[in-house]
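For reference, the structure discussed in these notes is given below.
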Amino acid sequence: MTRIKITAAGHSFIAETNPDAPLTVAAFMKLLPYRQKLIHVRWSGEGVWVPLGDFQLGVGFENHTSHPSVGDILFYPGGYSETEIILAYGACSFASKMGPLAGNHFLTIVEGREHLRALGTTVLWQGAQDVLFEVL
């Protein structure tokens with residue numbers, strides 16, 4: 001498993017790639033280092049997301065779930081809603097205005113999980129935050 005450093009809102013996290021999503025991991029690794037903005041989810045509960053519009057990573061569904069655990073990072077390849085990356089920092093049920101969605105669980109935060117709620121609260125109350133994903 002490859003380790004990825006994620007930096008956002010003054011916090012650093014270490015995530016490991018998920019071997020059950022090899023196509024998503026391989027495609028995402030080609031983007032690194034990857035800079036975006038995190039915003040708070042609208043329908044999914046306690047999570048932050050990177051809206052990607054009609055961006056195509058070139059992968060379909062694999063190892064997908066609607067119920068990420070705290071620290072799970074999902075990639076939604078688009079379809080019923082726009083393409084996105086979502087990170088659960090608390091109770092999360094991945095959804096859009098169209099209803100439940102499922103995303104590929106491709107990263108899991110293994111270090112810094114104790115700061116996830118602070119990240120989520122910052123994004124909720126202070127708005128969009130820069131995020132950087134890079135190989136450790």
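The values are calculated or read from the model by the stated rules, or taken from the named source; none is laboratory data. In this text the structure is predicted, and so the values were computed from the model without any measurement. Note that we place each Cβ from the backbone using ideal geometry, even for glycine, and neighbour counts take in every protein chain shown. Accessible surface is based on the protein model in full, side chains and every heavy atom, while ligands, DNA and RNA are left aside. Shrake-Rupley method; radii C 1.70, N 1.55, O 1.52, S 1.80 Å.
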Subject >> In the range 91-129, the residues that are farther than 12 Å from VAL48 by Cβ and part of a loop (DSSP other than H, G, I, E, B) >> reply: SER93, PHE94, LYS97, MET98, LEU101, ALA102, GLY112
Subject >> Residue count for the range 40-50, restricted to those that are under 19 Å from GLU134 (Cα atoms) and among the β-branched types (Val, Ile, Thr) >> reply: 2
Original post:
Among the numbered criteria (1) within 15 Å of THR7 (Cβ to Cβ); (2) within 12 Å of the chain's Cα centre (by Cα), which single criterion is violated by PRO68?
Top reply: (1)
Original post:
Which residues, counting only those in the range 85-134, are within 14 Å of the chain's Cα centre (by Cα), open to solvent by 30 Å² or more (accessible area, probe 1.4 Å), more than 22 Å from THR65 (Cα to Cα) and not acidic (Asp, Glu)?
Top reply: GLN129
Subject >> The listed residue being closer than 20 Å to THR2 by Cα, in contact with a strand residue (DSSP E or B) (Cβ under 6 Å, 6 or more places away or on another chain) and modelled with pLDDT under 95, out of LEU107, LEU87, LEU136 >> reply: LEU136
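So that you can scan it fast, the table gives a plain yes or no per residue for (1) charged (D, E, K, R); (2) touching an Asp or Glu at 6+ places or on another chain (Cβ under 9 Å); (3) within 21 Å of ARG35 (Cβ to Cβ):
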residue: LEU74; (1), (2), (3): no, yes, yes
residue: SER81; (1), (2), (3): no, no, no
residue: ILE109; (1), (2), (3): no, yes, yes
residue: PHE133; (1), (2), (3): no, no, yes
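Residue-by-condition table, conditions (1) assigned to a loop (DSSP other than H, G, I, E, B); (2) among the hydrophobic types (A, V, I, L, M, F, W, C); (3) farther than 21 Å from GLU111 by Cα; (4) touching a residue at least 24 places away in the same chain (Cβ under 8 Å):
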| position | (1), (2), (3), (4) |
| --- | --- |
| TRP43 | yes, yes, yes, yes |
| VAL48 | no, yes, no, yes |
| PHE55 | yes, yes, yes, yes |
| GLU62 | yes, no, yes, yes |
| ILE73 | no, yes, no, yes |
| GLY79 | yes, no, yes, no |
| ILE86 | no, yes, no, yes |
| TYR89 | no, no, no, yes |
Original post:
Looking only at residues in the range 51-80 that are among the hydroxyl-bearing types (Ser, Thr, Tyr) and surrounded by fewer than 17 Cβ atoms within 10 Å (Cβ to Cβ), which one is nearest to PHE133 (Cα to Cα)?
Top reply: SER69
**OP:** Give the residue, chosen from LYS37, LYS30, that is surrounded by fewer than 20 Cβ atoms within 10 Å (Cβ to Cβ), modelled with pLDDT of 95 or more and within 12 Å of the chain's Cα centre (by Cα).
**Re:** LYS37
Subject >> Odd one out for THR7 among (1) more than 22 Å from ALA95 (Cα to Cα); (2) open to solvent by 60 Å² or more (accessible area, probe 1.4 Å) >> reply: (2)
Original post:
In the list MET1, MET29, which residue meets the criterion of being within 19 Å of PHE133 (Cβ to Cβ) and touching a Pro at 6+ places or on another chain (Cβ under 8 Å)?
Top reply: MET1
